[in-house]
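K.L.:
My questions all concern the structure below.
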Amino acid sequence: MTKSQFLLAACVATFFGCQKPIEPTQEYWLTDPKSGILFQKVQQDHISEDSIPEIRIDSETTYQAMDGFGFTLSQGSAKHLLSMSDSARTSILQELFGSGEQDIRVNYLRLAVAASDLNEFPFSYNDLADSLATDPELENFSLSYDTLDVIPVLKQILSINPELKIMASPWSPPKWMKDNKDTRGGSLLPEFEAVYANYLVRYIQEMAKNGIAIDALTIQNEPLHPGNNPSLLMLPEQQARFIGQHLGPAFQAAGILTKIIVYDHNADRPDYPIQVLSDSIANPYINGSAFHLYGGQIEALTEVHQAFPDKNIYFTEQWVGAPGSLEGDIPWHVKNLVIGAPRNWAKTVLEWNLSSNPELTPHTDRGGCDRCLGAITIEKNIVVRNPAYYVIAHASKFVDAGSTRVDSNELPGLANVAYIRPDGKKVLIALNHSESPIQFAIQDKETRITATLNPGATGTWVW
């Protein structure tokens, strides 16, 4: 029987007319700020294939599994959301955290343990009126102000996405635990290291009582930046001692499974997490290290991975400075964070922070950020989507938790990262960071997709 006869017989046998083979279902979402296209689902390009370069997907070569993409939910962000009407707040939270066609499916949030610098004022969960008093038994521990804003908003978010993962980061211990007795700067007194470990245990336990599971805890936000308010200077030798002798054993004794993550500062000091991870007592308790990119190069994350390949890497913070630039900020953040961080082993990519208002308040005095532009700006019930919204959307909507990064070659001027999802679908995110349009093909075994990206444009393909 010839091939034509076989196909004809198959058609007759099924009582249906013959059809051409069906191409794999493909989705293409584009952000091209210079053309006014902001995260829109568009038709695939059909271009001439004469000698166009290829991004070749090798799903047999796998790297890290992803935990998620998202933002920090500061107290300020929670207050902005609570200032909206119930219907307006429900609508924007659904768009951010929901799974509908118009939603961007954010699946990871970072919180401050007590106050960050985007609070109205600094506070801890164990503040004492008497400046000379101490409370080593933590009798005055309370989630305090978080019960008024962060926790109610989190509960609403979790009702939309119960699978959301949450990371928490302290900016400062209570003042009475510090050598300078101030929320800003200073160091944790060694005699209070065990008490502070119990303080963090209590935080995780009390949040759990509110239905909020803390998946991961970084030891200290920006431990080498004591000029913020609140903040703390914590050198690597103290961080290692604190984890190995106090926090790790306290978590173990309390049955806490929250991941312990070190560093949480810029990529210019990979020696810091390497030093902490080299401590033989601390190392068994540590899940990995976290990074920002206000200094250094994103490739430093790979340096830490190579030193300790059994430990995870997280990217946890990068801000967009107000007023923001769609044409400038989106390409930089996509190239360095959404593409660059996972290509250097990061399991998360988190922007700072979820929302701002037109006045860029609240923020603390003596170092609070007065230029931090949220992913969205909220003014009463009006929402403006800013660069970080589109940056994260290009990954969060498509790269499910548990997706595995797979190998893809990078072309000149065309940064990219590829994944295979738990449902078997593939995802490619690519950015043209050159000065000219680039035509290219995505080749994944028998699947071939052709595309064109303008300079500064980002595309996400799903097939």
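The values are calculated or read from the model by the stated rules, or taken from the named source; none is laboratory data. Here the structure is a predicted model, which means the values were calculated and not measured. Please note: Cβ atoms are built from the backbone with ideal geometry, for glycine as well, and neighbour counts cover all protein chains shown. Side chains included, ligands, DNA and RNA excluded: accessible areas come from the protein's heavy atoms. Shrake-Rupley method; radii C 1.70, N 1.55, O 1.52, S 1.80 Å.
K.L.:
With a 1.4 Å probe and all protein chains kept in place, how much accessible area does VAL262 have, in Å² rounded to the nearest 10?
P.N.:
Accessible surface of VAL262 is approximately 0 Å².
K.L.:
Taking the Cβ of ARG366 as the center, what net charge do the other residues with Cβ under 12 Å away carry, scoring Lys and Arg +1 and Asp and Glu -1? Write out the running numbers ahead of the final one.
P.N.:
Working: positive: ARG184; negative: ASP117, ASP182, ASP365, ASP370.
Summing Lys and Arg as +1 and Asp and Glu as -1 gives -3.
K.L.:
A further question on this structure: What do you get when you divide the Cα radius of gyration of the stretch 219-289 by 2.2 N^0.38 Å, with N the number of residues?
P.N.:
1.08
K.L.:
How do ILE212, ILE160 stack up against each other in accessible area, from largest to smallest, with a 1.4 angstrom probe? List each step's numbers first, then the result.
P.N.:
Numbers: ILE212 0, ILE160 45 Å².
If we order ILE212, ILE160 from most to least accessible, we get ILE160, ILE212.
K.L.:
How large is the charge dipole for the stretch 82-162, taken about the Cα centre, if only the Cβ atoms of Lys, Arg (+1) and Asp, Glu (-1) carry charge, to the nearest 20 debye? Can you show the working numbers first?
P.N.:
Working: 4 positive and 13 negative charges, 91 e Å.
Taking the Cα centre of the stretch 82-162 as origin, the dipole is about 440 debye.
K.L.:
Select from HIS394, ALA415, LEU431 the residue farthest towards the positive end of the dipole of the stretch 391-431; place +1 on Cβ of Lys and Arg, -1 on Cβ of Asp and Glu, and compute about the Cα centre.
P.N.:
Value computed over the given set: HIS394.
K.L.:
Follow-up. Report the one residue of ASN287, PRO136, ALA441 whose Cα lies farthest in the direction of the positive end of the charge dipole of the chain (charges on C-beta: Lys and Arg +1, Asp and Glu -1; origin at the Cα centre).
P.N.:
Value: ALA441.
K.L.:
Tabulate in residue order the Karplus-calculated ³J(HN,Hα) for the stretch 60-72, using 6.51 cos²θ - 1.76 cosθ + 1.60 with θ = phi - 60°, rounded to whole Hz; enter x for Gly and Pro.
P.N.:
Those phi angles translate into 7, 9, 10, 10, 7, 7, 8, 8, x, 10, x, 9, 9 Hz.
K.L.:
Enumerate the amide H contacts of ALA168 below 5 Å, restricted to partners 5 or more residues apart or on another chain; note that Pro and chain-start residues carry no placed amide H.
P.N.:
HN-HN under 5 Å from ALA168: LEU111, ALA216, LEU217, THR218.
K.L.:
I'd like the accessible area for ARG184: 1.4 Å probe, protein heavy atoms, all chains in place, Å² to the nearest 10.
P.N.:
About 90 Å², rounded to the nearest 10.
K.L.:
May I pose another question? Using a 1.4 Å probe on the protein heavy atoms, what percent of the accessible area of the stretch 84-133 belongs to carbon and sulfur?
P.N.:
Numbers: 930 of 1910 Å².
Of the solvent-accessible surface of the stretch 84-133, carbon and sulfur hold 49 percent.
K.L.:
Considering Cα pairs under 8 angstrom that are at least six residues apart, work out the relative contact order of the stretch 184-265 and quote it in whole percent.
P.N.:
Across the stretch 184-265, relative contact order equals 43 percent.
K.L.:
If the only charges are +1 at each Lys and Arg Cβ and -1 at each Asp and Glu Cβ, what is the size of the charge dipole of the stretch 409-463 around the Cα centre, to the nearest 20 debye? Kindly include the intermediate steps, with their values, before the conclusion.
P.N.:
Values: 5 positive and 5 negative charges, 40 e Å.
Around 200 debye, computed over the stretch 409-463.
K.L.:
Quick one: compute the contact order of the chain, relative version, from alpha carbon pairs under 8 angstrom and 6+ residues apart, as a percent.
P.N.:
Values: 1030 pairs, mean separation 101.4, N = 463.
Averaging sequence separation for qualifying contacts and normalising by length gives 22 percent for the chain.
K.L.:
Taking the Cα centre of each part, how many Å lie between the stretch 65-103 and the stretch 199-240?
P.N.:
23
K.L.:
When a/c is below 1.5 the answer is rounded, else prolate if a/b is larger than b/c, else oblate, so apply that to the stretch 98-191 with a ≥ b ≥ c taken from the square roots of the Cα gyration tensor eigenvalues.
P.N.:
Values: a/c = 2.99, a/b = 2.50, b/c = 1.20.
Here the stretch 98-191 falls in the prolate category.
K.L.:
Positive end of the dipole of the chain, charges at C-beta (+1 Lys, Arg; -1 Asp, Glu), about the Cα centre: which of GLN205, PHE242, ASN266 has its Cα farthest in that direction?
P.N.:
Of the candidates, GLN205 comes out farthest on the positive side.
K.L.:
Counting heavy atoms of the protein chains only and a 1.4 Å probe, report the per residue accessible area for the chain as a whole number of Å². Don't skip to the end; give the middle numbers.
P.N.:
Values: 18800 Å² over 463 residues.
I get 41 Å² per residue for this part.
K.L.:
Grab the other residues whose beta carbon is less than 15 angstrom from that of LEU224, score K and R as +1, D and E as -1, and report the net.
P.N.:
Working: positive: ARG184, ARG269; negative: GLU222, GLU237, ASP264, ASP268, ASP271, GLU317.
Charge balance in the 15 Å sphere: -4.
K.L.:
Which log10 I(q)/I(0) values, to two decimals, does the stretch 316-463 give at q = 0.10, 0.11, 0.12, 0.13 Å⁻¹ under the Debye formula with one point per Cα?
P.N.:
-0.39, -0.47, -0.55, -0.63
K.L.:
Counting alpha carbon pairs within less than 8 Å and at least 6 residues apart, what relative contact order, in whole percent, applies to the stretch 372-439?
P.N.:
On the way: 82 pairs, mean separation 14.0, N = 68.
Relative contact order comes out at 21 percent.
K.L.:
Additional query: Can you pull the accessible area of SER142 for me, 1.4 Å probe, Å² to the nearest 10?
P.N.:
Roughly 50 Å² of SER142 is accessible to a 1.4 Å probe.
K.L.:
From the P(r) of the stretch 200-328, could you give the percentage of C-alpha pairs in the tail past 23 Å?
P.N.:
Numbers: 2937 of 8256 pairs.
Of all Cα-Cα pairs in the stretch 200-328, 36 percent lie more than 23 Å apart.
K.L.:
If the only charges are +1 at each Lys and Arg Cβ and -1 at each Asp and Glu Cβ, what is the size of the charge dipole of the stretch 73-124 around the Cα centre, to the nearest 20 debye? Intermediate values should be presented prior to the final figure.
P.N.:
Values: 4 positive and 6 negative charges, 25 e Å.
Computed about the Cα centre, the dipole is about 120 debye.
K.L.:
Given a cut-off of 23 Å, name the pairs among LYS41/LYS165; LYS165/LYS209; LYS178/LYS259; LYS347/LYS380 whose C-alpha atoms lie farther apart than that in the structure shown.
P.N.:
Working: LYS41/LYS165 27 Å; LYS165/LYS209 16 Å; LYS178/LYS259 25 Å; LYS347/LYS380 35 Å.
Where the Cα-Cα span goes over 23 Å, the pairs concerned are LYS41/LYS165; LYS178/LYS259; LYS347/LYS380.
K.L.:
Amide H of SER355 versus every other amide H placed in the peptide plane: which residues, excluding those fewer than 5 positions away on the same chain, fall under 5 Å?
P.N.:
SER74, SER77, ALA375, ILE376
K.L.:
In the chain, which whole DSSP H runs stretch at least 20 Å along their own axis (Cα) and average -1.0 or higher on the Kyte-Doolittle scale? Mind dumping the intermediate values first?
P.N.:
Values: long enough: 193-209 (24 Å, -0.14).
What comes out of the filter, once short or polar helices are dropped, is 193-209.
K.L.:
A further question on this structure: What does the charge count around ALA300 come to, taking other residues whose C-beta lies under 12 Å from its C-beta (Lys +1, Arg +1, Asp -1, Glu -1)? Intermediate results must be reported in sequence, preceding the final value.
P.N.:
Numbers: positive: ARG269; negative: ASP268, ASP271, GLU299, GLU303.
Net charge in that neighbourhood comes out at -3.
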